[in-house]
Amino acid sequence: MKDLSFSRSDFPEGFLFGAATAAYQIEGAQYGGAGHSHWDTFAATPGNVIRREDGAQACDHYHRYEEDFDILKAGGFDAYRFSTSWARVQPEGKGPANPEGLDFYDRLVDAMLARDLKPFLTLYHWELPSALADIGGWANREIPERFADFSELVMGRIGDRVSATATLNEPWCVAFLSHFLGHHAPGLRDIRATARAMHHVMLAHGLATERMRGLGHENLGIVLNFDRAIPASGSAEDRAATATQDAVFNRWFIEAITKGAYPEEALAFLGPHMPAGWEADMATINKPLDWLGVNYYTRHVVKANADDPMSPINLDAELPTTQMGWEIYPEGLEYFLTWLKDEQVGDTPLYVTENGMAWDDRVENGTVFDPERIGFIDGHYQAALRAIKAGANVKGFFYWSLLDNYEWAFGYEKRFGMVHVDFDSMVRTPKASYHALKAAMAR
Ligand code: PNW
């Protein structure tokens with residue numbers, strides 16, 4: 001079996017090795033009295049998701065979480081990143097909680113603690129309740145207010161037992177991928193809705209953080225995704241296009257928090273479409289984080305698009321890619337961890353909250369050989385180690401994902417898990433990558 005080149009002992013004392021998931025991708029949205037979310041309707045609309053698959057059953061984690069946490073425990077993991085489904089907790093997006101929903105998360109957290117797994121909570125990983133989507137979703141300023149209510153409800157029930165809490169997962173996906181590129185629910189291609197969503201996600205982070213701090217909750221952060229943008233040439237046009245992409249993807253969200261301002265390169269496009277009075281909200285967003293979650297997968301080589309400066313051209317891959325077609329570029333992770341320390345958050349603890357690869361894994365004679373994934377993991381954990389040696393305060397690394405799961409617009413076809421899932425029988429089979437990580441963590 002292929003081995004990893006690093007050991008637990010290479011990392012600082014107390015470094016957390018974990019795995020990550022998200023509610024809609026694993027739980028089974030049809031169980032436990034959950035309300036409908038915009039992902040249910042998006043998935044049901046032809047053309048949005050491969051084979052029109054949805055998260056109704058997903059990995060049936062709702063009924064199998066004990067088994068899933070046993071797998072984590074047996075692997076020697078320290079921490080587990082999960083999310084709460086807003087539609088499960090508040091089927092109408094506001095008002096009274098669904099007791100079954102809160103009971104489920106209560107059991108879930110206790111089941112983690114029973115196995116010494118530190119719970120890392122993400123409050124919102126994309127299933128907006130349909131009732132809120134119907135009033136305009138993230139383009140509507142009411143959503144940030146309702147999100148603060150939701151955060152209060154969840155934290156009132158499990159906030160006493162989680163190790164860390166993130167408000168949102170990947171606001172770039174929530175706003176830009178979903179309202180400008182149209183790849184995720186609600187599937188819009190609308191600059192006005194995009195600008196509003198780009199601001200309202202950050203307002204939601206600010207309002208919820210304020211609310212939770214007021215109630216005494218601690219260790220609050222956010223999970224952002226970063227994608228290394230490299231200019232295709234030294235031309236002024238390509239460099240400007242790269243700066244635009246970098247501003248929209250990598251700088252918008254973190255600089256709202258650290259500088260209380262959105263980058264000029266992005267405002268040049270989004271400014272005219274921003275909601276009235278947005279500037280007055282920046283003080284709410286511009287508050288210190290207790291920790292920052294970093295999701296990193298790939299890089300893009302960027303070329304100017306003379307027809308539409310807001311949509312730079314991303315060139316075809318040159319480097320080896322994963323099953324997603326994403327280039328494998330561990331140097332980007334090192335770059336961002338170092339950049340975040342030097343330019344954005346200083347010594348605020350950083351966690352790699354997602355990193356992993358999709359591959360066409362198959363079970364053969366009860367075993368899954370995934371040497372490609374072991375190589376991917378090796379490259380990225382080593383990149384994190386280099387950033388740590390250069391002074392970045394990286395406290396943990398969560399592999400995405402614990403399980404093969406519902407990969408959004410790609411349905412069940414793309415397998416990111418370190419544990420294989422047979423979606424007919426629901427049988428779980430740890431892959432060679434799981435065993436390799438287990439061995440590295442034990443050294
Ligand atoms: C992240 N993009 O999603 C999410 O946090 C996970 O839920 C997801 O399963 C994982 O990465 C793998 O895709 C992304 O198009 C989806 O740039 C799409 C993009 C980025 C992140």
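Data for the structure
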item	result
Relative packing of peptides 223-233, 196-206 - highest average C-beta neighbours within 10 Å first	196-206, 223-233
Cα-Cα pairs of the chain separated by more than 33 Å (percent)	29
Length released on extending from Ala390 to Ile191, taking residue separation times 0.36 nm less the Cα-Cα span	67.7 nm
Built amide H within the under 5 Å cut-off of Leu16, gap 5+	Gly396, Phe397
Integer Hz, Karplus 6.51/-1.76/1.60 couplings in order for region 26-41, x for Gly and Pro	10, 5, x, 6, 7, 8, x, x, 5, x, 6, 10, 5, 6, 4, 6
Kyte-Doolittle mean at least -0.5, axial Cα span of 24 Å or more - DSSP H helices of the chain	142-158, 191-214, 371-389
For peptides 170-178, 43-51, sequence by mean Cβ density within 10 Å, most packed first	170-178, 43-51
Over the chain, relative contact order from alpha-carbon pairs under 8 Å, at least 6 apart, %	19
Burial ranking of peptide ranges 374-381, 415-422 (average Cβ count within 10 Å, highest at the top)	415-422, 374-381
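Where a number appears in this text, it was derived from the coordinates with a stated rule and is not lab data. Small disclaimer: the values here were computed from a predicted structure and weren't measured. Every residue, glycine as well, gets a Cβ built from its backbone with ideal geometry; the counts of neighbours run over all protein chains shown.
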